[in-house]
1. Is it the case, given these coordinates, that Met203 is among the aliphatic types (A, V, I, L, M), over 30 Å from Val173 (Cα atoms) and either modelled with pLDDT of 85 or more or open to solvent by less than 60 Å² (accessible area, probe 1.4 Å) (or both)?
2. Can you name the residue in the stretch 144-167 that is out of contact with any Ser or Thr (no Cβ under 9 Å at 6 or more places or on another chain) and aliphatic (A, V, I, L, M) and is also surrounded by the most Cβ atoms within 10 Å (Cβ to Cβ) among such residues?
3. I'm trying to understand the selection: among the residues of the stretch 54-93, which are aliphatic (A, V, I, L, M), more than 22 Å from Asn361 (Cα to Cα) and not in a helix (DSSP H, G or I)?
4. So, in the stretch 251-268, how many residues would count as being under 14 Å from Ser26 (Cβ atoms) and either loosely packed, with under 14 Cβ neighbours inside 10 Å or of a type in the set (Ser, Thr, Tyr) (or both)?
5. Please verify whether the stretch 356-365 includes one or more residues that are surrounded by fewer than 22 Cβ atoms within 10 Å (Cβ to Cβ), among the hydrophobic types (A, V, I, L, M, F, W, C) and within 19 Å of Leu15 (Cα to Cα).
6. Can you list residue pairs whose Cβ atoms sit under 6 Å apart, with the first residue in the stretch 324-338 being under 17 Å from Ala276 (Cα atoms) and aromatic (Phe, Trp, Tyr) and the second being at pLDDT 90 or above and not in a loop (DSSP other than H, G, I, E, B)? Count only pairs 6 or more apart in sequence or on different chains.
7. When only residues in the stretch 94-138 that are among the polar types (S, T, N, Q) and part of a helix (DSSP H, G or I) count, which is least open to solvent (accessible area, probe 1.4 Å)?
8. Kindly provide the set of residues from the stretch 230-250 that are open to solvent by less than 20 Å² (accessible area, probe 1.4 Å) and in contact with an Asp or Glu (Cβ under 6 Å, 6 or more places away or on another chain), ordered by number.
Amino acid sequence: MNYFKDLFKNIDRALLILPLIFAVISILMMMSTSYADGSLISRTVVIQTVAYILGFSIVIIMATKDYIIFQDIEKLVYIGSVLFLLTPYIPGLGVEQYGAHSWINLGVTTIQPSEFVKITFILLMADYLRKNRDDLYNFKGVVKAFIYGAPFIGIVVLDDLGSALVYIVIWIVMVFYAGIDYVLFAKCAGLSALAVPVIYNFMDEYQKERVTAFLHPENLSIEANYQVYMAKVAAGSGGLFGEGLFQGTHKEFLPVNNSDFIFSVIVEEMGFVGGAAVISLYVFLIHTLIKVSRKSRDLYGSLLVIGVLGMFMFQIFENIGMTMGLMPVTGITLPFLSYGGSAILSNMIALGLVINVAIKNRGVVF
């Protein structure tokens, strides 16, 4: 008992309080988006609540384990992660949801492997960069680092461009932090930009439509533009203080209002003040992650936190940006707030890794 007491004394309180606040906001928003059907306690509310309970349980377990143990099973984690990403393509197991064939049906619920593999991808890249940091000063070393992560990006991009972008950003942020030569990074970025037209030709029609919508925001006949238009209308109707919890009138016209466009629902019901408060919470979370990374006692731990930071930052920026028409619609969820058991569990596991690093920073022996 004293061990656990001493252990949790060394946890940064912000890393425990922030997810609790997010959990309350998220579950309230799930109730709100279900309220139009006449019931506060819907399936989405139950799943979100259970996901958070499981998530906090996982965080407690992860807080008692040294993150270094993942280095000993790198090959097993790599192979297992790639195979797990392929499970949605198994006939009878994989199902299509939200336009992506990236889910597996477990009977009572569905899960999205790519959400969980984001975490193992961060673990694997951190270990690889820890061992091959000096190679990042030459082009060959950067190519090798990309090849190491390419199977994950390649499998995910087949059917879920939004998730693939998250993986790419994680890779870029971690390689950049590990110490890639800036001039070499600029050259690699330039070469990658040249590949964009080629990649576009291999995109699905709905993905091309989203790009077209972003380039022509005035054309409301394009579905993605209509979604963004309704998101703006919902957010704009909230004014300064919002229409009140459960009182939003435009949210029912929003597609996937409990996930992709949850931020618009928040602003409609809680106003500009509520939206600003949520963004402030995210800024505080990012600040805390940066602080933990800087204090890390080893490169591996620091890279783990930076990978999580890159994942959260991009998803926050992309999701809120697309509700405002500043970013293309991609289906990327808003961390800790959007509906989805897989997403919530993935977010909590990522936070558990950060907490583990933060505990070790304070000299705790596992």
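The values are calculated or read from the model by the stated rules, or taken from the named source; none is laboratory data. Bear in mind the structure is a predicted one, so any value in this text is a computation, not a measurement. Here the Cβ positions follow ideal geometry from the backbone for every residue, glycine too, while neighbour counts run over all protein chains shown. SASA here: full protein model, heavy atoms, side chains in, ligands and nucleic acids out. Shrake-Rupley method; radii C 1.70, N 1.55, O 1.52, S 1.80 Å.
1. no
2. Here the residue is Ala145.
3. Ile90, Leu93, listed by residue number.
4. 1
5. There is at least one residue in the stretch 356-365 that is surrounded by fewer than 22 Cβ atoms within 10 Å (Cβ to Cβ), among the hydrophobic types (A, V, I, L, M, F, W, C) and within 19 Å of Leu15 (Cα to Cα).
6. Pairs found: Phe336/Phe22; Phe336/Asn347.
7. This residue is Ser114.
8. Selection gives Ala234, Gly238, Gly248.
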